[in-house]
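J.: Sharing a structure here in structure tokens format.
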Amino acid sequence: APPASGDLLLPAAHRVITFGVLGPVVARTDGGEIDIGEPRRRAVLGSLLLDNGRVVRLDRLIALLWGHHPPVTARKAVQVYVSQLRRMLRDVPLETDGDGYLLRCPPESIDLFVFRDLVGRAKQEMAPAPRRALLSKAVGLWRGDALAGAAEDGLLAWVGQSLDEERLTALEDLY
């Protein structure tokens, strides 16, 4: 896929990509949103972002995408999705490691890790006003249901539910 028009002017070393999983799975640059495309490709990206910095085994990706009934072409499909993501996110290290894949992004470039950091800092804050401000900022990062727009069958739905529970806990603490 060709780069978004705004990216053509940015040298690769200066193109900053941020990611969102707290709502639809998205990738953004200064030039705008990168079109990740179809739901299963979004699901692969979402899974790799959730485990940022850790190897996600191919069999886990298959289970997250298709649950207990993957098609016979599942392995090849995941490999194709990863190859397509590498082209789209050319500035982000997406490595093959044995029978799995490893995405390496700065945690502050992924909304989930920013959310968790803010919630953690709020729990340590004793004064009500700063605590409320941190929780408000954390909750404000959400753009809808976690991993929306990704493949909704398979185990990915369960992962999204647990993330939504984190949001509810933060909302309860805020109020």
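The values are calculated or read from the model by the stated rules, or taken from the named source; none is laboratory data. This one's a predicted model, so the numbers in the text were calculated from it and none came from an experiment. So basically every Cβ, Gly included, is an ideal-geometry build from the backbone, and we count neighbours across all protein chains shown. All accessible areas refer to the heavy atoms of the entire protein, side chains included, with ligands and DNA or RNA removed. Shrake-Rupley method; radii C 1.70, N 1.55, O 1.52, S 1.80 Å.
J.: Against the condition surrounded by fewer than 17 Cβ atoms within 10 Å (Cβ to Cβ), in contact with an Asp or Glu (Cβ under 9 Å, 6 or more places away or on another chain) and in a helix (DSSP H, G or I), how does Asp164 come out, does it pass?
T.: Yes, satisfied.
J.: Scan segment 101-118 for residues that are open to solvent by less than 20 Å² (accessible area, probe 1.4 Å), of a type in the set (A, V, I, L, M) and in a helix (DSSP H, G or I) and jot them down.
T.: Leu112, Leu118
J.: Which count do you get for residues in segment 41-69 that are surrounded by fewer than 22 Cβ atoms within 10 Å (Cβ to Cβ), farther than 22 Å from Phe115 by Cα and touching a residue at least 60 places away in the same chain (Cβ under 8 Å)?
T.: Looking only at that region, the number is 3.
Residues are listed down the side, and each one gets a yes or a no for (1) at pLDDT below 90; (2) more than 20 Å from Trp142 (Cβ to Cβ); (3) not acidic (Asp, Glu):
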position: Ala1; (1), (2), (3): yes, yes, yes
position: Asp7; (1), (2), (3): yes, yes, no
position: Leu10; (1), (2), (3): yes, yes, yes
position: His14; (1), (2), (3): yes, yes, yes
position: Gly20; (1), (2), (3): no, no, yes
position: Gly32; (1), (2), (3): no, yes, yes
position: Arg41; (1), (2), (3): no, yes, yes
position: Leu45; (1), (2), (3): no, no, yes
position: Leu50; (1), (2), (3): no, no, yes
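J.: Please verify whether segment 148-161 includes one or more residues that are among the polar types (S, T, N, Q), open to solvent by less than 60 Å² (accessible area, probe 1.4 Å) and modelled with pLDDT under 95.
T.: no
J.: If I filter segment 124-146 for residues that are in a loop (DSSP other than H, G, I, E, B), at pLDDT 95 or above and crowded, with 19+ Cβ neighbours inside 10 Å, do I get at least one hit?
T.: yes
J.: Taking segment 61-99 as the region of interest, how many residues are aromatic (Phe, Trp, Tyr) and either in a loop (DSSP other than H, G, I, E, B) or closer than 30 Å to Gly32 by Cα (or both)?
T.: The number of residues fulfilling the criteria is 1.
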